[in-house]
Amino acid sequence: MSPSSSSPRRRTLTAGALAATAALVAAGVQFTTVADAANGRDTAIAKAKANVSRNADLFGFGAGQDLQVKDVMIDADGTQHVRFDRTYQGLPVIGGDLVVHQDSHGRLKDSSRAKGHNPAVKTTVPAVPAQTTAAKALGAVGQDVTAATSTPQLVVWAADGTARLAWQTTVSGTGKQGQPSGRIVVTDAITGAEIEQLATEHQASATGTGHSEYTGDITFADTLQADGTYALIDPVRGHVTKDAHNLSSSSIKATSGTLYTDADNVWGDGKKFSTDRATAAVDAHANTAWTYDYYKNTFGRSGIKNDGKGATVFVHVGTNWDNAQWSDACFCMMTGDGDGTVDPEQVDLDTMGHEMTHGVTSATANLRYSGESGGLNEATSDIFGTMVEFYANNAVDKGDYLFSDQSTPPWLRRFDKPSLDGRSADCWSKSVGRLDVHNSSGVGNHWFFLASEGSGAKTINGVSYNSPTCNGSTVTGIGNQKVAAIWYRALTVYMTSTTDYKGARTASLNAAKDLYGSGSTEYNAVAAAWSGVNVA
């Protein structure tokens, strides 16, 4: 807050106070002063601790335990989320963390707890001295780390739900290629048996530079390995990119293929129909990250199944396979090399987003892949693949309503008038359900365009569109971000496996009512767009 012109005094703010204020403002809560921000945070913490004490059985909170504040988030409506680490008799509890969710008045709404929510252990004195534990840890890391030093810490290990005393030893040293490297080794304090071994520096996050086929020169997250090479393992999102070596899609398993590695962390050559096999991997790795981030940052969804787990991505699948697909069986994304003449690798941004969205649909409404529900399944992937493209805001591949325009020029499908491909339906009719699902999807895509951008002629990001309505009406759009939010809620809350287009209208209107209110501009636009494609 700036001092008023009538007051010459200046406030001195600590770095911690500034950080706390910034975090709370970013979350949507506005405070008049830094003191207000601190008071709001302190009040939330105090009430959260009281909620844990009053609900000790729920939180597994008992004698000898204490809570250490780790984070406080306050939503725009005042809802509070207070994150604690747990200690037992002064020892850190690994796997004992928890989050208290409470309303704006500090009343308990819900809780999130790691497995170790009841960390009491019978033995309080470790039987294995720290020196012995350190030696075991140094031995466990073998030759990957040289000139190593170790720092043991006595902890309560409860990450697997069974609380016991353990030594957590951080081993730091130098890897084979001279890079910083290390491990965290956890050993049972009574038996000395190894419980867990985690990578530290040798799995550190790195930033790769890629010369992509579709999105120019880009940077992406990858991993520095123990041998000094870099690997296409995303340390933040967890996905892995592999070369399938032209295995057919029916032969792919999660363990198939070869992980991409590189010595200098510069990947690909940026050419179409590239002979550098890493070029397709650059697009695939980066576009998977953009898809993950879109769902995470827009809807709070952590990964395809909302479980925080990354997928395996295969490039160079099949021989002249001009396609891409998602497989629940291997929890993987597969992309082909195109037809070898016109269509290059199927790793452009909206195609990647499309295929991964099939996984999201499978994990939520699970729309059956036939009839009208199959068309909705395909439309959902087209819609969110397109939204990933808008989200990425890449200067080379700008957001548009031309699906797969990069890998299947000039486009595979388009939203403003789907029938321009000679196969897809602009409007609903009783025969739509008999079409191939990629063609019956046109009704859903057309609805999305009308609801987002409206009917008639317009130019968006340099692309000309002219969207008619099936009933001769004029539709005014509300923007694709709002329509995508409505569609996501409809998919994840209201749709079922057999939802048809009439059911999708009902589901999306319910979602619009939830988000914006019945009779709102957004609600009415959704309804008008459905009427505009003959879905009443």
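The values are calculated or read from the model by the stated rules, or taken from the named source; none is laboratory data. Bear in mind that the values here come from a model prediction, so they are computed numbers and not experimental data. Cβ sites come from the backbone with ideal geometry, for glycine too, and all protein chains shown count toward neighbours. Note: accessible area is taken over every heavy atom of the protein model, side chains too, but ligands, DNA and RNA are not part of it. Shrake-Rupley method; radii C 1.70, N 1.55, O 1.52, S 1.80 Å.
Matching residues to (1) within 28 Å of the chain's Cα centre (by Cα); (2) at pLDDT 90 or above; (3) part of a loop (DSSP other than H, G, I, E, B):
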residue: Pro92; (1), (2), (3): no, yes, no
residue: Gly96; (1), (2), (3): yes, no, yes
residue: His101; (1), (2), (3): yes, yes, no
residue: Gly106; (1), (2), (3): no, yes, yes
residue: Ser111; (1), (2), (3): yes, no, no
residue: Lys115; (1), (2), (3): yes, no, yes
residue: Ala120; (1), (2), (3): no, no, yes
residue: Val125; (1), (2), (3): no, no, yes
residue: Val128; (1), (2), (3): no, no, yes
Looking only at region 473-498, filter to residues that are over 19 Å from Lys513 (Cα atoms) and either in a helix (DSSP H, G or I) or modelled with pLDDT under 95 (or both); which one of those is most open to solvent (accessible area, probe 1.4 Å)? Thr498
So, in region 397-411, how many residues would count as being under 23 Å from the mean Cα position of the chain (by Cα) and surrounded by fewer than 19 Cβ atoms within 10 Å (Cβ to Cβ)? 1
State which residue pairs qualify: first residue within 20 Å of Lys70 (Cα to Cα) and of a type in the set (A, V, I, L, M) and inside region 29-57, second residue open to solvent by 40 Å² or more (accessible area, probe 1.4 Å) and at pLDDT below 95 in any location, beta carbons under 7 Å apart, and separation of 6 or more residues or different chains. Val29/Ala76; Val34/Leu13; Ala37/Phe31; Ile45/Val69; Val52/Phe61
Exactly one of (1) crowded, with 18+ Cβ neighbours inside 10 Å; (2) part of a helix (DSSP H, G or I); (3) out of contact with any Gly (no Cβ under 9 Å at 6 or more places or on another chain) is unmet by Asn39. Its number? (1)
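I'm trying to understand the selection: among the residues of region 516-536, which are assigned to a helix (DSSP H, G or I) and crowded, with 16+ Cβ neighbours inside 10 Å?
Once the filter is applied, which keeps residues that are assigned to a helix (DSSP H, G or I) and crowded, with 16+ Cβ neighbours inside 10 Å, region 516-536 yields Tyr516, Glu522, Tyr523, Asn524, Ala525, Val526, Ala527, Ala528, Ala529, Trp530, Ser531, Gly532.
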Would you be able to tell me the number of residues in region 45-70 that are of a type in the set (S, T, N, Q) and in a strand (DSSP E or B)? 2
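Run down Ala19, Ala37 and say which single residue is touching a helix residue (DSSP H, G or I) at 6+ places or on another chain (Cβ under 7 Å) and at pLDDT below 80.
Ala37
Considering only residues of region 369-393 that are out of contact with any strand residue (DSSP E or B) (no Cβ under 8 Å at 6 or more places or on another chain) and closer than 14 Å to Thr351 by Cβ, which is surrounded by the fewest Cβ atoms within 10 Å (Cβ to Cβ)? Give the derivation first.
As a first pass, look at region 369-393 and keep what is out of contact with any strand residue (DSSP E or B) (no Cβ under 8 Å at 6 or more places or on another chain): 369-381, 383-384, 387-393.
Now drop any that are not closer than 14 Å to Thr351 by Cβ, which leaves 378, 381, 383-384, 387-389, 392.
Values: Glu378: 26, Ser381: 25, Ile383: 30, Phe384: 28, Met387: 27, Val388: 26, Glu389: 31, Ala392: 23.
This residue is Ala392.
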Within region 241-259, considering residues that are at pLDDT 95 or above and within 22 Å of the chain's Cα centre (by Cα), the one farthest from His285 (Cα to Cα): Leu259
Quick check on region 198-219. Is at least one of its residues modelled with pLDDT of 90 or more and among the aliphatic types (A, V, I, L, M)? yes
So, in region 499-515, how many residues would count as being open to solvent by less than 10 Å² (accessible area, probe 1.4 Å) and either closer than 12 Å to Leu367 by Cβ or β-branched (Val, Ile, Thr) (or both)? 3
Being buried (at least 24 other Cβ atoms within 10 Å of the Cβ), more than 18 Å from Ser467 (Cβ to Cβ) and aromatic (Phe, Trp, Tyr) is the requirement here; does Phe415 meet it? no
Considering only residues that are of a type in the set (Val, Ile, Thr), within 24 Å of the chain's Cα centre (by Cα) and open to solvent by 10 Å² or more (accessible area, probe 1.4 Å), which ones fall in region 305-322? Thr312
How about region 357-368: which of its residues are open to solvent by 10 Å² or more (accessible area, probe 1.4 Å) and assigned to a helix (DSSP H, G or I)? His358, Ser362, Ala363
If only one of Leu98, Leu67 is free of Cβ contacts under 8 Å to residues at least 40 places away in the same chain and open to solvent by less than 40 Å² (accessible area, probe 1.4 Å), which one is it? Leu67
Can you pull out the residues in region 330-345 that are open to solvent by 10 Å² or more (accessible area, probe 1.4 Å), in contact (Cβ under 8 Å) with a residue 12 or more places away in the chain and of a type outside the set (D, E, K, R)? Cys330, Phe331, Gly340, Val342
